[in-house]
Amino acid sequence: MNSSSLIRKVYQGVACRRQMFRMFDRHAQRPNRWDSNDAAALYAGEWFEIDETEHDYMFEILPPLWIRGSMFAMREFLTGRVTSVFFALRIDQTIRYFHGYCDVSDKESVETMRVAIVERESRPVRMMTREERLEHIWSSTADQYRGYADLSSPEASRGKRTIAFYGGRAGSRLRILEDLTDQEIAAKLPVHLRNLPSQAAA
């Protein structure tokens, strides 16, 4: 699998340290976590913004695997050949900081991610795609309110991500994340993100 084709922003805004550490393993509840199967495809290509303090904190934890200009990679691999890469990028005359998971067996993955982040964050209008909205909901939901469809679910849904959704008098119910309606997505997003356009104006 070419992970560079799956680059995706998974959180809107700048993650604080607590949120950063939570997002380092967004898929901790996945089925068969401890099996020998490689989870690289779940993580490779994910990225989000952090601040300078968290960027520098991570730089000082361990000697990096490598440093390339304004980027460095963590020595410890998350899964397979996927590791954390930290970026300090000049975007619109401002230095901003990002974390991404790259599969370093793909020699182009780091540069492809760098270019994708700059392109995404250089758009003139704040926006979120449907996929980014879903990923933000997943990233910001506490573990006890998110999970994966189990064997009690219809076969086509098993293993898919689920979110607890409050259904009024009916109480909470699990919904497949990717099946949320636009109205349900809006209800799960913080107010300041609900009305962002889905694409930049031409």
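The values are calculated or read from the model by the stated rules, or taken from the named source; none is laboratory data. These figures come from a predicted structure and were not determined experimentally. A quick note on method: Cβ atoms are made from the backbone with ideal geometry, for glycine too, and the neighbour counts reach across all protein chains shown. Ligands, DNA and RNA are stripped out before the accessible areas are found, and what is left, the full protein with its side chains, is counted by its heavy atoms. Shrake-Rupley method; radii C 1.70, N 1.55, O 1.52, S 1.80 Å.
Can you give the log10 of the normalised intensity I(q)/I(0) at q = 0.11, 0.13, 0.15, 0.18 Å⁻¹, computed with Debye over equal Cα scatterers of region 1-114?
Cα-only, vacuum Debye calculation for region 1-114: -0.33, -0.46, -0.62, -0.91.
Can you find, among A164, P31, F21, the residue sitting farthest towards the positive end of the charge dipole of the chain, where Lys and Arg contribute +1 and Asp and Glu -1 at Cβ?
Of A164, P31, F21, it is A164.
If the viscosity is 1.306 mPa s and the temperature 10 °C, what Stokes-Einstein diffusion coefficient in µm²/s follows for region 145-197 when Rh is the Kirkwood radius over Cα pairs?
131 µm²/s
Under a Cβ-only charge scheme (Lys and Arg +1, Asp and Glu -1), can you give me the dipole magnitude of the chain about the Cα centre, in debye to the nearest 20?
On the way: 29 positive and 28 negative charges, 113 e Å.
Roughly 540 debye for the chain.
Given springs between every Cα pair under 10 Å in a Gaussian network model of the chain, which of E155, E131, E178 has the largest fluctuation?
E155
If you fit an axis through the alpha-carbon atoms of helix 130-140 and take the longest principal axis of the Cα set of the chain, what angle between them do you get, 0 to 90°, nearest 10?
Once rounded, one gets 90 degrees.
Give me, ordered by chain and number, the residues 5 or more places off I50 or on other chains with an amide H under 5 Å from its own placed amide H.
Answer set, sorted by chain and number: A15, Y97, F98, H99.
Return the long-range amide H neighbours of W66 (sequence gap of 5 or more, or a different chain), with a cut-off of under 5 Å between placed amide H atoms.
Residues meeting the criterion, in which the H sits 1.01 Å from N, are A73.
Where does the Debye-calculated log10 I(q)/I(0) of region 83-159 sit at q = 0.14, 0.17, 0.18 Å⁻¹, using only Cα point scatterers of equal weight, no solvent?
Values returned for q = 0.14, 0.17, 0.18 Å⁻¹ are -0.70, -0.91, -0.96.
If you count only protein heavy atoms and use a 1.4 Å probe, how large is the accessible surface of Y148, to the nearest 10 Å²?
Answer for Y148: close to 40 Å² accessible.
More than 32 angstrom separation, counting every C-alpha pair in the chain; what % is that?
More than 32 Å apart: 18 percent of the Cα pairs in the chain.
Compute the label zone of R68 within region 90-123: residues whose backbone N is under 12 Å from the point 7 Å along Cα-to-Cβ.
Residues 102-115 fall inside that zone.
Leaving out same-chain residues fewer than 8 places away, which lysines sit with a Cα under 29 Å from that of K160?
In chain and number order, the partners are K9, K188.
Just going by the charge dipole of region 57-158, with Lys and Arg at +1 and Asp and Glu at -1 on Cβ, which of M58, I91, Y148 is farthest out on the positive end?
Toward the positive end, the furthest listed residue is I91.
Mark the label point 7 Å from the Cα of F24 along Cα→Cβ and return the residues of region 86-121 whose backbone N is within less than 16 Å of it.
Residues 86-87, 98-102 fall inside that zone.
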